[in-house]
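Structure, as structure tokens:
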Amino acid sequence: MRFFEELDLTDLKDSIVLLDLDGTLVPDGQSDISERAMRKVEELKRANEVYLCSNSRNVERRMKVGRQTGLAFTVEGIQKPSEKVVSFLGNISKPIVVIGDKAIIDGRLSRNLGAKFIKVRRKRSEKDSLFTRLVYWLDDFYYNIFSHI
């Protein structure tokens, strides 16, 4: 499995892309995006309509990442995996693709939307809390069991 910035997205065109923040663009709770990840965001933006999608409630951090990437976030206050995160788009005529690190949340969002899911290798940090590490372990367990069924 590859990190987000290592993905080959040359065939991903004319889609609505919902791009996860924590674990996908940056480690959980962080906001500084690497140059490689920013280049990949720019590549996505050239051929697609891209939105950041996060369950983070830290508005200041979301605004900082939005400024860095030039991307808007999906509807604030609506949590993934609810399909209502794209309610602001109205009538959707393009295919939707969800890119994220968590099968339980991002993968489920893609199923709820009838979208393609691109699972990426999770970005981790030594600062990850015990709770975050537990969530990651459960998500990996879930993915390893159910992705093969």
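The values are calculated or read from the model by the stated rules, or taken from the named source; none is laboratory data. Bear in mind the structure is a predicted one, so any value in this text is a computation, not a measurement. Positions of Cβ are backbone-derived with ideal geometry, glycine not excepted, and every protein chain shown enters the neighbour counts.
Give the number of residues within region 113-149 that are assigned to a helix (DSSP H, G or I), among the β-branched types (Val, Ile, Thr) and within 23 Å of residue 7 (Cα to Cα). Spell out the reasoning first.
Quick first cut of region 113-149, residues assigned to a helix (DSSP H, G or I) only: 113, 130-146.
Restricting the remaining residues to those that are among the β-branched types (Val, Ile, Thr) gives 132, 135, 145.
With within 23 Å of residue 7 (Cα to Cα) added as a condition, the list becomes none.
The number of residues fulfilling the criteria is 0.
Matching residues to (1) more than 20 Å from residue 51 (Cβ to Cβ); (2) more than 15 Å from the chain's Cα centre (by Cα); (3) not aliphatic (A, V, I, L, M):
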position: 104; (1), (2), (3): yes, no, no
position: 118; (1), (2), (3): no, no, no
position: 122; (1), (2), (3): yes, no, yes
position: 132; (1), (2), (3): yes, yes, yes
position: 137; (1), (2), (3): yes, yes, yes
position: 143; (1), (2), (3): yes, yes, yes
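Within the set 99, 92, the sole residue that is of a type in the set (Val, Ile, Thr) and within 12 Å of the chain's Cα centre (by Cα) turns out to be 99.
Is it the case that region 129-137 has a residue that's out of contact with any Pro (no Cβ under 6 Å at 6 or more places or on another chain), farther than 28 Å from residue 43 by Cβ and surrounded by 14 or more Cβ atoms within 10 Å (Cβ to Cβ)?
The first filter runs over region 129-137 and keeps only residues out of contact with any Pro (no Cβ under 6 Å at 6 or more places or on another chain), leaving 129-137.
Next cut, farther than 28 Å from residue 43 by Cβ only: 129-135, 137.
Filter once more, keeping what is surrounded by 14 or more Cβ atoms within 10 Å (Cβ to Cβ): 132, 135.
The answer is yes, given that some residue of region 129-137 is out of contact with any Pro (no Cβ under 6 Å at 6 or more places or on another chain), farther than 28 Å from residue 43 by Cβ and surrounded by 14 or more Cβ atoms within 10 Å (Cβ to Cβ).
The requirement of being within 15 Å of the chain's Cα centre (by Cα) and among the acidic types (Asp, Glu) is not satisfied by residue 126.
Identify the residue in region 68-113 that is of a type in the set (Asp, Glu) and without any contact (Cβ under 8 Å) to a residue 40 or more places away in the chain and, among all such residues, is farthest from residue 18 (Cα to Cα). Only one residue fits best here, namely 76.
Given the criterion closer than 27 Å to residue 143 by Cα and among the basic types (Lys, Arg), identify the matching residue among 102, 45.
Values: 45 fails: closer than 27 Å to residue 143 by Cα.
After applying the criteria, what remains is 102.
Taking first residues from region 127-145 that are in contact (Cβ under 8 Å) with a residue 12 or more places away in the chain and basic (Lys, Arg) and partners that are surrounded by 15 or more Cβ atoms within 10 Å (Cβ to Cβ) and not in a helix (DSSP H, G or I), the Cβ contacts under 9 Å between residues at least 6 apart in sequence or on separate chains come to 127/27; 127/28; 127/29; 127/30.
So, in region 1-46, how many residues would count as being hydroxyl-bearing (Ser, Thr, Tyr) and closer than 23 Å to residue 144 by Cα?
If we filter region 1-46 for residues that are hydroxyl-bearing (Ser, Thr, Tyr), which is where we start, we get 10, 15, 24, 31, 34.
From what's left, closer than 23 Å to residue 144 by Cα: 24.
Count: 1.
Here 47, 37 are screened, and the one residue that is over 24 Å from residue 113 (Cα atoms) and modelled with pLDDT of 95 or more is 37.
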